[in-house]
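Step one of this worksheet: look at the structure below.
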């Protein structure tokens with residue numbers, strides 16, 4: 001008789017049952033239990049087990065999901081995990097990651113194994129990771145994926161938009177703008193998701209240090225507006241519109257003459 005499916009939940013009872021499945025190498029139970037479970041939840045579960053046990057679990061999952069789980073582990077745990085992987089296996093996982101995550105993992109490997117993994121990466125990713133590994137850790141280049149955008153702290157809004165448009169020719173998607181100084185040292189980062197909600201203010205140091213502001217994004221639906229208004233006491237023969245945008249900026253129209 002088939003055992004009823006045990007629902008995934010991070011409890012002692014589930015952990016004990018999962019340990020039993022590991023001890024018995026019960027592939028069916030492990031696969032069925034982790035089916036449709038988010039990578040972050042599986043990552044949390046694997047902290048409970050050894051590197052060898054965790055690798056057994058991961059080997060039963062699709063490679064893209066394995067890569068996502070390995071990416072989400074903290075650095076020290078991931079180092080332990082990587083010791084039970086062959087270079088070719090690490091290469092297969094890293095090929096499914098963005099360049100900054102891939103560089104983080106390679107940076108944690110012994111030099112010889114790092115070179116072996118790097119040699120097996122897909123050409124575009126290999127070039128991106130190689131470039132990132134050249135940077136010092138406190139320099140923005142070493143923190144940014146090649147898929148992300150960079151802006152100088154002193155740029156005006158117009159300069160920032162112009163430069164991002166230029167960089168967009170080489171980047172199909174981006175979610176974060178990194179703000180750097182003249183030496184490419186990172187002073188802040190702005191997620192586009194945050195800019196949908198409000199302006200973002202960042203300080204370059206303690207509270208009294210210099211700061212910069214990145215203004216809220218204005219979506220296409222907010223580019224236009226229409227109003228109807230009747231002047232019940234006409235005393236002039238010209239009108240103008242003054243508008244306050246959602247990000248707090250003001251705009252005025254040219255005068256409209258009537259009569």
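Just so it is clear, none of the values below were taken in a lab; they were calculated from the coordinates. Everything quoted here is computed from the prediction, not taken from an experiment. Because the Cβ atoms are built from the backbone with ideal geometry, glycine has one as well, and the counts that use them run over all protein chains shown.
Restricted to region 75-116, the set of helices (runs of 4 or more DSSP H) holding at least 2 residues that are under 20 Å from the mean Cα position of the chain (by Cα) and within 18 Å of residue 54 (Cα to Cα) comprises 75-82, 87-94. In region 117-126, which residues are surrounded by 17 or more Cβ atoms within 10 Å (Cβ to Cβ) and outside any loop (DSSP other than H, G, I, E, B)? Within region 117-126, 117, 118, 125, 126 meet the criteria.
Kindly evaluate residue 36 against the criterion of being free of Cβ contacts under 8 Å to residues at least 12 places away in the same chain, surrounded by fewer than 18 Cβ atoms within 10 Å (Cβ to Cβ) and at positive phi. Here the answer is yes, as residue 36 does meet what is asked.
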